[in-house]
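> What follows is a single structure, and I will ask about it in a moment.
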Amino acid sequence: MITRRGFLRLIGGSFLSMVSLGAYAVGIEPMLLTHVKRYSLTPPHWPAGLKLRVVALADIHACRPWMTPERIASLAAEANALKPDVIVMLGDFPAGTRLVSDWVDASEWAPALSGLKAPLGVWSILGNHDWWEDRAAQAAGAGPTISRKALEAVGIPVLENDVVRLEKDGHGFWLAGLADQLALRPGQAWGRTGFKGLDDLDGTLAKVSDGAPVILLAHEPDIFPKVPSRVSLTLSGHTHGGQVRLFGYSPVVPSRFGNRYAYGHVVEQDRNLIVSGGLGFSIMPVRFGMRPEILQIDLG
Ligand SMILES: [Fe+2]
């Protein structure tokens, strides 16, 4: 079976050898064609009168030359221009590939995000790369990670198995942020034979103390089958839509569920999930048929 890494290498390798298509997939689509992906929905049990615009940024994967602090700052300005009520970030801030001309440290990408502004605040969760690129956190088997500290240093709270209650026009709602499901990598030195998640869905939702609607932020969409219908909407990233997507199909998706949660709006029974295609990339600097996107979700 072909792995995600093998597939993206193959695609990247063939694209790089075909100069014009290569320039498109490696340069133009990853960098220039960022767009706003808009959704508008009324989830089940959503209170009448609560009109909420959520803007989400996922999988920034800061690195040079593709995702510089300057580009991150301009994405933040684009997000602000959508006039969101609340901004959420879905994790994976550091580079997820070695094919970079230079690293962008948390001390650079976090200040670039500090310009994000919304009346109900800017909130973040963490992704697997926020954990994987932090050797001290891997060794300790615990945070706070470099990403978490950097976000908090610029005034962006991080929800790891935690919730916050916000209010608009007299209606409350909850943001619930799940800790990462793949946080700890296997490694002999660390005494781990497999990946270990730090997510606690039940514990997180137990902190929701009234009947107001819940928006769950979970980096990997694989949690979705376990999410109860009490949650109005789940927002995820991580898959990058496969990075290569043709005719609504992504050949390789880093998910146990393959294409089921690869990209977009998924409704299962009365539960709603939106998976962002994200902004950056991992493994190979390739995007094809999957432009970088900022999510704008209008609820109500
Ligand atoms: Fe991820």
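> Looking at the range 192-300, which chymotrypsin sites (Phe, Trp or Tyr not before Pro) are in a loop (DSSP not H, G, I, E or B) and have at most 16 other Cβ atoms within 10 Å?
Taking the range 192-300 and a limit of 16 other Cβ atoms within 10 Å, the loop chymotrypsin sites (Phe, Trp or Tyr not before Pro) found are PHE195, PHE247, PHE257.
> Tell me, what HN-Hα J-couplings in whole Hz come from the Karplus equation 6.51 cos²θ - 1.76 cosθ + 1.60 at θ = phi - 60° for each residue of the range 167-184, using x for Gly and Pro?
Per-residue couplings from phi come out as 9, 9, 6, x, 10, x, 7, 10, 9, 10, x, 8, 5, 5, 7, 10, 4, 9 Hz.
> If amide hydrogens are placed 1.01 Å from N in the peptide plane, which non-local residues have theirs closer than 5 Å to the one on LEU182?
Distant-sequence amide H within range of LEU182: LEU198.
> Of SER101, THR68, ALA136, which is farthest on the positive side of the dipole of the chain, counting Cα position, with +1 on Lys and Arg Cβ, -1 on Asp and Glu Cβ, and the Cα centre as origin?
Of SER101, THR68, ALA136, it is SER101.
> Follow-up. Counting pairwise Cα distances across the chain, what percent come out greater than 24 angstrom?
Of all Cα-Cα distances in the chain, 49 percent exceed 24 Å.
> List, in order, the whole-Hz ³J(HN,Hα) value for each residue of the range 137-147 obtained from phi through the Karplus relation with A = 6.51, B = -1.76, C = 1.60 and θ = phi - 60°; use x for Gly and Pro.
5, 5, 5, 6, x, 7, x, x, 6, 4, 4
> Ranked highest first by the average count of other Cβ atoms within 10 Å around their residues, in what order do 291-297, 53-59 fall?
Order by mean packing, descending: 53-59, 291-297.
> Which shape class, rounded, prolate or oblate, goes with the range 173-300 when its Cα gyration tensor gives a ≥ b ≥ c as root eigenvalues, a/c under 1.5 marks rounded, and past that a/b bigger than b/c marks prolate?
Oblate, because a/c is 1.5 or more while a/b does not exceed b/c.
> Okay, moving on. Treat the count of other C-beta atoms within 10 Å as a stand-in for reagent exposure and order SER229, SER282 from fewest to most.
Ascending number of Cβ neighbours within 10 Å: SER229, SER282.
> OK, next. So how do 163-175, 215-227, 111-123 stack up, highest first, on mean other-Cβ count within 10 Å?
Result, highest mean first: 215-227, 111-123, 163-175.
> Sort SER232, SER209 by Cβ crowding within 10 Å, fewest neighbours at the top.
Ascending Cβ contact count within 10 Å gives the list SER209, SER232.
Here, each number is a calculation from the coordinates, and none is a lab measurement. Because the structure is predicted, anything quoted here is derived from the model rather than measured. Every residue, glycine among them, receives a Cβ derived from its backbone with ideal geometry; neighbour counts consider all protein chains shown.
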